[in-house]
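Chemist: I have a structure here, written as structure tokens, and I will follow up with some questions on it.
The values are calculated or read from the model by the stated rules, or taken from the named source; none is laboratory data. Nothing here was measured: the structure is a model prediction, and the numbers come from that model. Methodologically, a virtual Cβ is constructed for each residue, glycine included, from the backbone with ideal geometry; neighbour enumeration extends over all protein chains shown.
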Amino acid sequence: MAAVRSALASALRYLRGVMGADAYEKYLEHHRAEEAAGRCALPPMTEREFWRDRTDRQDANPQGRCC
């Protein structure tokens, strides 16, 4: 049962990565690393601000994507 649970968790992580659903978590990791290195003094964006900013940037700079 544990092996099945582990496989499903891995598949879910993979799908979240492919779909971009983990982008905010990656942003927070990057922000923490930059802050620890002393290169960022600003607080991180909220999740709502992050997704709005990402959508605005994609609309302003469209690139090839399937949808």
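Chemist: Exactly one of these conditions fails for residue 38: (1) in contact with a helix residue (DSSP H, G or I) (Cβ under 6 Å, 6 or more places away or on another chain); (2) on the phi > 0 side of the Ramachandran plot; (3) of a type outside the set (Val, Ile, Thr). Give me its number.
Modeler: (1)
Chemist: Go through the stretch 47-67 and count every residue that is closer than 20 Å to residue 17 by Cα and not in a helix (DSSP H, G or I).
Modeler: 5
Chemist: Let me ask another. I'd like to check something: does the stretch 41-58 contain any residue that is modelled with pLDDT under 90 and over 15 Å from the mean Cα position of the chain (by Cα)?
Modeler: First, the residues of the stretch 41-58 that are modelled with pLDDT under 90: 41, 58.
Pick out the ones that are also over 15 Å from the mean Cα position of the chain (by Cα) and you get 41.
Looking through the stretch 41-58, at least one residue is modelled with pLDDT under 90 and over 15 Å from the mean Cα position of the chain (by Cα).
Chemist: Restricting to the stretch 3-35, and then to whatever is touching a helix residue (DSSP H, G or I) at 6+ places or on another chain (Cβ under 8 Å) and assigned to a helix (DSSP H, G or I), can you tell me which residue is surrounded by the fewest Cβ atoms within 10 Å (Cβ to Cβ)?
Modeler: 23
Chemist: Let me ask something additional. Which residue is modelled with the lowest pLDDT, if the candidates are limited to the stretch 1-37 and must be of a type in the set (Lys, Arg) and farther than 16 Å from residue 51 by Cα? If you could, list the steps in order and put the result at the bottom.
Modeler: From the stretch 1-37, those of a type in the set (Lys, Arg) are 5, 13, 16, 26, 32; that's our starting set.
Right, trim to farther than 16 Å from residue 51 by Cα and you get 5, 13, 32.
Details: 5: 91, 13: 81, 32: 95.
Selected residue: 13.
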